[in-house]
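I have placed the structure first, in the form of structure tokens, so that the comments after it can refer back to it.
Read-outs throughout are calculated quantities, based only on the coordinates presented, and are distinct from any laboratory measurement. Remember, predicted model here, so these are calculated numbers, not experimental data. Positions of Cβ are backbone-derived with ideal geometry, glycine not excepted, and every protein chain shown enters the neighbour counts.
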């Protein structure tokens, strides 16, 4: 059965200070994109196959060289100690326990070395989400520390040249400057921590170089031409994403953008040997992942059928963290994986590669 994420959110809202809940839950502008994200996955009809042997259903997948129990991964989200005292340590532990990839935010409220130890103890896999900051020396130091600590990839968030304006955050600020400095401080000028508005495709190679050759994944891609440009610049994968509706309000939902991006990259040169490009549709090409509004196993199935090799979940993980710490996160991710396996069986797909093509026409 699918986890009851709406119930989790209600419980988390009761537990969290209002400013923290609004910071996590809110979107930019009038929140048009935020509202559309969840609905968009359900606009696609599935076309299940019949008379397939589904006595055993396999949800394992390969993501850039790592073998994982599930294609459901943890998206990078900031300031997790606002949700739970253990913050990112608990989320990383819960993800590893569920066999899921964990992506640590640059705005983590736990030292990345401590998170890395937690992941290693549990036998998990983690990547670092990166902002190229105005003071690039801060980014260089952060990336090199992450590489030394065992991060297996970098995730460059590309859709945040400036921060989207959110009406829910017009009052009390949920986080402090000290929260921002856990992994990137101290600084003389707080503006040094802001994202650079001058980041370009050339920075993909720059990040790979300063990290000693880690794969670089680009998060926030909605256009096929941008996806192809990322691939040409050396990206190991792209994440189709609108930043959870937190950046440009009116940006298209991932479910709408995903088919075009996946089709464009299906024939693009792959990221090279040894990167474990994946096992879904288009395996061997530049992998495509997706996030934004994933709430059920059927949503995951639809995303994979539309061309994603993995999906990332953000806000539901925060609600699970607030309500149950590491156990809550593990239960959420395991529940989504179990629901995916059940949906795969009903769709006649005993493994993720066989999900390709199980999609009908979108609802008008």
Segment 335-364 - residue that is assigned to a helix (DSSP H, G or I) and in contact with a strand residue (DSSP E or B) (Cβ under 9 Å, 6 or more places away or on another chain) and, of those, surrounded by the fewest Cβ atoms within 10 Å (Cβ to Cβ): 353
field: Leading residue by the ranking (nearest to residue 257 (Cα to Cα)) among those in segment 199-209 that are surrounded by fewer than 18 Cβ atoms within 10 Å (Cβ to Cβ) and in contact (Cβ under 8 Å) with a residue 24 or more places away in the chain
entry: 201
- request: Kindly check whether there is at least one residue in segment 160-181 that is surrounded by 24 or more Cβ atoms within 10 Å (Cβ to Cβ), touching a residue at least 40 places away in the same chain (Cβ under 8 Å) and part of a loop (DSSP other than H, G, I, E, B).
  value: no
task: Kindly list the number of the only condition in (1) under 20 Å from residue 336 (Cα atoms); (2) more than 15 Å from the chain's Cα centre (by Cα); (3) crowded, with 17+ Cβ neighbours inside 10 Å that fails for residue 72.
output: (2)
field: Those residues of segment 182-198 which are surrounded by 13 or more Cβ atoms within 10 Å (Cβ to Cβ) and farther than 27 Å from residue 150 by Cβ, in sequence order
entry: 194
- line: Filtering helices (runs of 4 or more DSSP H) wholly in segment 83-158 for at least 1 residues that are under 20 Å from residue 207 (Cα atoms) and out of contact with any strand residue (DSSP E or B) (no Cβ under 8 Å at 6 or more places or on another chain) gives 112-121, 136-149
task: Can you confirm whether segment 260-267 contains a residue that is in contact (Cβ under 8 Å) with a residue 40 or more places away in the chain, assigned to a helix (DSSP H, G or I), surrounded by 21 or more Cβ atoms within 10 Å (Cβ to Cβ) and within 18 Å of the chain's Cα centre (by Cα)?
output: yes
